[in-house]
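Data first, discussion second: the structure below is written as structure tokens.
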Amino acid sequence: MENHENEHFKRELGLLDGTMLVVGSMIGSGIFIVSSDMVRNVGSAGMLIAMWVLTGLITVVAAVSYGELSAMFPKAGGQYVYLKEAYGKLIAFLYGWSFFAVIQTGTIAAVGVAFSKFAAYLYEPVSDENILYEMGSFKLNAAQLVSIVTIIFLTYLNSRGVKNSKTLQTVLTIIKIASLLGLIIFGFVLGAKSEIWDANWTNAWANRNFVTETGEWVTIGGSTIIAGIAAAMVGSVFSSDAWNGVTFIAGEIKNPKRNVGLSLFLGTLTVSILYVLANLMYLAVVPLDAIATAKADRVAVVASQYIFGNIGTYIIGVMIMISTFACNNGLIMAGARVYYTMANDGLFFKKAGHLNAAGVPEWALWAQCIWASALCLTGKYGDLLDFVVIIVLIFYILTIYGIFKLRQTMPDAERPYKAFGYPVLPTLYIVMASALSIALLKYKTSTCGWGVLIMLVGIPVYYMTKPKE
């Protein structure tokens, strides 16, 4: 089936397209929102920047490690294929199941909710404070409705076989990069004030939490610091995720053995640098208290208020809406490809393996849409991030460990590209990502625990649906 499928893929994407895809997938909503919550959790400028530098480091390490796998298996399906080759069908199924149940759909939901956060800035009635329906503890708010409508709309567009020409996706990505770069440059040139910068760096490494209810900083120590760091890194790790999207479309990349790995490296490095610069700009323009108390966590809007006054905030609001919209379009498209590959391996609903008249896996798209919409109703942006990040980390750890495993089980396989810094850098990633996962399960059990539970439910599902050999 796979060979037959690959004959239909046209290798039309070059290195620039691949790199743009990595950058475009990574820059969604996070960088414009999460720093607010991170500051509340770690309480100081030094710790905020340290979190972003650390996240950038582990993201680039993971990306260059993936280069070896992408060169060994340059076909559609990406991470799912690597896990299948390294561990067999059960682990590959668990990844695909989690990808459908949590990773991709949870990310689509979170980005949809972020879209509505900025829509609410332009038009207040669509905010999450506008409760439309209430029953017991369940509340339906206008923001959730807006997110669901955008997800349905984008799914409909994709199901019509609208070939989101690479031009459109690249143009939207350039708008995203330009809006983030513009915000950084104008921030430093027009908005930076030495007194704000100095004040923010006065207690650069203070260990404290911001208590929203009282509006006060509280000094923390011991395990509370670890809990704060883990909670803060959810935001930076989520913002830096989705870089592996380019591996799902390896079947359409020219010279994939070279270009997939290279676009992973260039894309993650570019975004990591932009993210650190954006946070340095926030610290140069906005007092720490104002970052922590940004309304609806829209820290980018607060920064542009300081830089441009009111008019600029509307412009940045619109640009971030374009950014999140384009990000979700890419996520919705990429997701369906993984379910399609799985269905053809007999590891997902048969219907997901069928293409409609427009040559698109329509059933897979709508199944993804329905579940992502349901996740929009479960909670807030922050809860959705916890839900996604824990599972993402678990499978990144397994995939990178797969490099070690495959070097033993397939020693003679062609490896046009070897993981950079092997074995030290991949081991470093595994250790750091494992430590973060354990801390999250310990301190954020209520949200992360659900994510893990859904993943584990995949085990009986696998054995119940497994085709008879």
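Tallying residues that are open to solvent by 30 Å² or more (accessible area, probe 1.4 Å) and in a helix (DSSP H, G or I) within region 398-411 yields 7.
Does region 263-271 include one or more residues that are closer than 27 Å to THR313 by Cβ and crowded, with 24+ Cβ neighbours inside 10 Å? Steps first, answer last, please.
Just the residues of region 263-271 that are closer than 27 Å to THR313 by Cβ, to begin with: 270-271.
Narrowing further to those that are crowded, with 24+ Cβ neighbours inside 10 Å: 271.
Scanning region 263-271 turns up at least one residue that is closer than 27 Å to THR313 by Cβ and crowded, with 24+ Cβ neighbours inside 10 Å.
Check whether at least one residue in region 87-94 is in contact with a Gly (Cβ under 7 Å, 6 or more places away or on another chain) and either more than 30 Å from MET410 (Cβ to Cβ) or among the β-branched types (Val, Ile, Thr) (or both), and report yes or no. No: zero hits. Filtering region 344-366 to residues that are under 20 Å from PHE93 (Cα atoms), touching a residue at least 40 places away in the same chain (Cβ under 8 Å) and part of a loop (DSSP other than H, G, I, E, B) leaves ASP345, GLY346, LEU347, PHE348. Number of residues in region 165-185 that are modelled with pLDDT under 90 and open to solvent by 20 Å² or more (accessible area, probe 1.4 Å) equals 12. Of all residues in region 412-429, those satisfying the criterion of being part of a helix (DSSP H, G or I) and buried (at least 18 other Cβ atoms within 10 Å of the Cβ) are LEU425, PRO426, TYR429.
Taking ILE332 and the conditions (1) more than 19 Å from the chain's Cα centre (by Cα); (2) modelled with pLDDT under 90; (3) under 14 Å from TYR156 (Cα atoms), which numbered condition does it fall short on, given that it satisfies the others? Result: ILE332 fails condition (1) only. Among the numbered conditions (1) surrounded by 21 or more Cβ atoms within 10 Å (Cβ to Cβ); (2) over 30 Å from ARG298 (Cβ atoms), the only one that LYS444 does not meet is (2).
If I ask for residues that are more than 15 Å from ALA278 (Cα to Cα) and surrounded by fewer than 24 Cβ atoms within 10 Å (Cβ to Cβ), which ones from region 26-46 would you list? Answer for region 26-46, where residues must be more than 15 Å from ALA278 (Cα to Cα) and surrounded by fewer than 24 Cβ atoms within 10 Å (Cβ to Cβ): ASP37, ARG40, SER44. Here LYS75 meets the list (1) in contact with a Ser or Thr (Cβ under 7 Å, 6 or more places away or on another chain); (2) assigned to a loop (DSSP other than H, G, I, E, B) almost entirely, failing just condition (1). Applying a threshold of 8 Å to beta carbon distances and a minimum spacing of six or more residues, or different chains, the list of pairs starting in region 246-268 at a residue that is part of a strand (DSSP E or B) and ending at one that is open to solvent by 20 Å² or more (accessible area, probe 1.4 Å) reads ILE253/ARG11; ILE253/LEU13; ILE253/ASP17; ILE253/PRO74. Spot the failing condition for ILE196; the list is (1) within 20 Å of the chain's Cα centre (by Cα); (2) β-branched (Val, Ile, Thr); (3) open to solvent by less than 50 Å² (accessible area, probe 1.4 Å), and only one is missed. All conditions pass for ILE196, except number (1).
Pick from region 49-62 the residues that are within 16 Å of VAL431 (Cα to Cα) and among the small types (Gly, Ala, Ser): which of them is surrounded by the most Cβ atoms within 10 Å (Cβ to Cβ)? Across region 49-62, the extreme among qualifying residues is ALA62.
Could you check region 149-160 and list, in sequence order, the residues that are surrounded by fewer than 21 Cβ atoms within 10 Å (Cβ to Cβ) and either in contact (Cβ under 8 Å) with a residue 24 or more places away in the chain or not hydroxyl-bearing (Ser, Thr, Tyr) (or both)? Let's see the steps before the verdict.
From region 149-160, those surrounded by fewer than 21 Cβ atoms within 10 Å (Cβ to Cβ) are 149, 152-153, 156-157, 159-160; that's our starting set.
Answer for region 149-160, where residues must be surrounded by fewer than 21 Cβ atoms within 10 Å (Cβ to Cβ) and either in contact (Cβ under 8 Å) with a residue 24 or more places away in the chain or not hydroxyl-bearing (Ser, Thr, Tyr) (or both): VAL149, ILE152, PHE153, LEU157, SER159, ARG160.
For first residues located in region 367-396 and under 14 Å from ALA242 (Cα atoms), partners that are of a type in the set (Phe, Trp, Tyr) and lie 6+ apart or on another chain with Cβ distances below 7 Å form the pairs LEU385/PHE238; VAL388/PHE238; VAL389/PHE238; PHE395/TYR95.
Of all residues in region 206-223, those being out of contact with any Phe, Trp or Tyr (no Cβ under 9 Å at 6 or more places or on another chain) and either under 22 Å from CYS448 (Cα atoms) or in a loop (DSSP other than H, G, I, E, B) (or both) number 8.
Scan region 84-100 and give yes if some residue there is closer than 27 Å to ALA326 by Cβ, among the aromatic types (Phe, Trp, Tyr) and open to solvent by 10 Å² or more (accessible area, probe 1.4 Å), otherwise no. Yes, the conditions are met somewhere in region 84-100.
Among the residues of region 120-141, which ones are of a type in the set (Gly, Ala, Ser), surrounded by fewer than 22 Cβ atoms within 10 Å (Cβ to Cβ) and under 24 Å from the mean Cα position of the chain (by Cα)?
Within region 120-141, the subset of a type in the set (Gly, Ala, Ser) is 120, 127, 136-137.
If we keep only those that are surrounded by fewer than 22 Cβ atoms within 10 Å (Cβ to Cβ) as well, we get 127, 136-137.
Within region 120-141, SER127 is the sole residue that qualifies.
Here PHE188 clears all of (1) in contact (Cβ under 8 Å) with a residue 60 or more places away in the chain; (2) open to solvent by less than 70 Å² (accessible area, probe 1.4 Å) except the condition numbered (2).
Could you list all residues from region 63-76 that are within 16 Å of the chain's Cα centre (by Cα) and farther than 13 Å from VAL246 by Cβ? Working first, answer last.
Taking region 63-76 as the starting set, the residues that turn out to be within 16 Å of the chain's Cα centre (by Cα) are 63.
Answer for region 63-76, where residues must be within 16 Å of the chain's Cα centre (by Cα) and farther than 13 Å from VAL246 by Cβ: there is none.
Taking region 353-366 as the search range and keeping residues that are among the hydrophobic types (A, V, I, L, M, F, W, C) and open to solvent by 20 Å² or more (accessible area, probe 1.4 Å), which one is nearest to THR447 (Cα to Cα)? Checking each candidate, the answer is TRP366. The residues listed here are LEU280, LEU274; of these, the one that is in a helix (DSSP H, G or I), open to solvent by 40 Å² or more (accessible area, probe 1.4 Å) and under 20 Å from ALA232 (Cα atoms) is LEU280. In this structure, does ILE220 turn out to be surrounded by 13 or more Cβ atoms within 10 Å (Cβ to Cβ), closer than 29 Å to ILE58 by Cα and either in contact with a helix residue (DSSP H, G or I) (Cβ under 9 Å, 6 or more places away or on another chain) or not charged (D, E, K, R) (or both)? Criteria met by ILE220.
The values are calculated or read from the model by the stated rules, or taken from the named source; none is laboratory data. Since this is a predicted model, take the numbers as computed values, not measurements. Glycine also receives a Cβ, built like all others from the backbone with ideal geometry; neighbour counts cover every protein chain displayed. All accessible areas refer to the heavy atoms of the entire protein, side chains included, with ligands and DNA or RNA removed. Shrake-Rupley method; radii C 1.70, N 1.55, O 1.52, S 1.80 Å.
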